[in-house]
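J.: Shown below is the structure under consideration.
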Amino acid sequence: MTYSTSAPGTTIDDVLRDGTVRSVFQPIVELDTGRVVAYEALARGPQGPLERPDSLFAAAREAGRLAELDAACRNAALTGALAPVTEPDGTVTHYIGTQVDVTSRVEAERALVQERDRTRSYLARIEELAYTDPLTGLPNRRRLAEQVDTAVWSARARDEAVALLFVDLNGFKALTGLPAATAAAEARRIADELAAVVARPVPLRDQEVVVRASVGVSVWPEDGADFPALLHAADMPMYAMRTGSPA
């Protein structure tokens with residue numbers, strides 16, 4: 001095969017005028033068998049500053065001649081893929097080409113991608129069900145346990161402390177008589193506004209719901225070494241504050 005060369009000052013106009021765009025063919029190999037199933041045509045310019053495809057296409061883009069370069073690349077690929085049949089005097093009479101049908105491979109790859117996406121969707125749904133409350137969509141106790149355990153391990157490594165605040169909402173049962181969607185929306189609204197309006201009445205349909213917070217606190221490592229111990233230590237003073245009994 002003969003490669004054309006270009007001078008350092010060669011422009012994209014020169015390349016397109018002289019028809020020096022060429023194709024190199026990269027085999028596409030089936031991973032399981034190592035069998036070559038097709039070839040990919042890669043565009044190259046003449047040897048020189050515009051040989052690399054990034055330089056070639058950048059020059060065409062700057063000159064506003066991308067469409068012409070695309071057509072030249074297709075023609076080069078087509079010509080390179082066909083074998084000429086010539087007369088004894090060298091005159092080309094026709095071309096012979098070989099076509100490889102990769103439809104089944106493409107369909108199999110597409111099905112594999114769809115199955116992968118479906119599996120990811122199922123896994124995400126399983127994780128959501130395992131770690132969130134089905135009514136409110138908020139993290140459940142299992143998620144809290146993981147987060148606290150992670151914080152404890154980090155604090156242990158850094159010789160720090162971890163504080164756990166356990167909050168009980170009094171009057172929250174007023175939401176239980178509502179439809180699920182309404183109760184969930186109100187629960188999220190109350191959770192978002194709790195820090196700012198914990199002592200203020202919350203309007204709920206035709207009545208006002210007064211939500212008060214009883215907070216129990218436990219600190220690692222003084223009150224417990226893991227999540228169950230910290231939760232128990234925080235729950236006891238929270239319950240005492242709620243009932244008014246001594247902790």
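The values are calculated or read from the model by the stated rules, or taken from the named source; none is laboratory data. Not measured: the values here are computed from a predicted model. Cβ coordinates were reconstructed from backbone atoms using ideal geometry, including for glycine residues, and neighbour counts include every protein chain displayed.
J.: I'd like the residue in region 3-45 that is β-branched (Val, Ile, Thr) and under 23 Å from ALA59 (Cβ atoms) and, out of all such residues, is modelled with the lowest pLDDT.
T.: THR5
J.: Specify which of the listed residues (ASP168, ASP223, ASP133) is within 27 Å of MET236 (Cβ to Cβ), under 28 Å from the mean Cα position of the chain (by Cα) and modelled with pLDDT under 80. It would help to see each step written out before you state the result.
T.: Values: ASP168 fails: under 28 Å from the mean Cα position of the chain (by Cα); ASP223 fails: under 28 Å from the mean Cα position of the chain (by Cα).
Matching residue, one of ASP168, ASP223, ASP133: ASP133.
J.: Mind listing whichever residues of region 63-74 are part of a helix (DSSP H, G or I) and without any contact (Cβ under 8 Å) to a residue 12 or more places away in the chain?
T.: Of everything in region 63-74, those that are part of a helix (DSSP H, G or I) and without any contact (Cβ under 8 Å) to a residue 12 or more places away in the chain turn out to be LEU66, ALA67, ASP70, ALA71, ARG74.
J.: Give the residues of region 119-145 that are surrounded by 13 or more Cβ atoms within 10 Å (Cβ to Cβ) and either touching a Pro at 6+ places or on another chain (Cβ under 9 Å) or polar (S, T, N, Q) (or both), sorted by residue number.
T.: TYR131, THR132, ASP133, THR136, ASN140, ALA145
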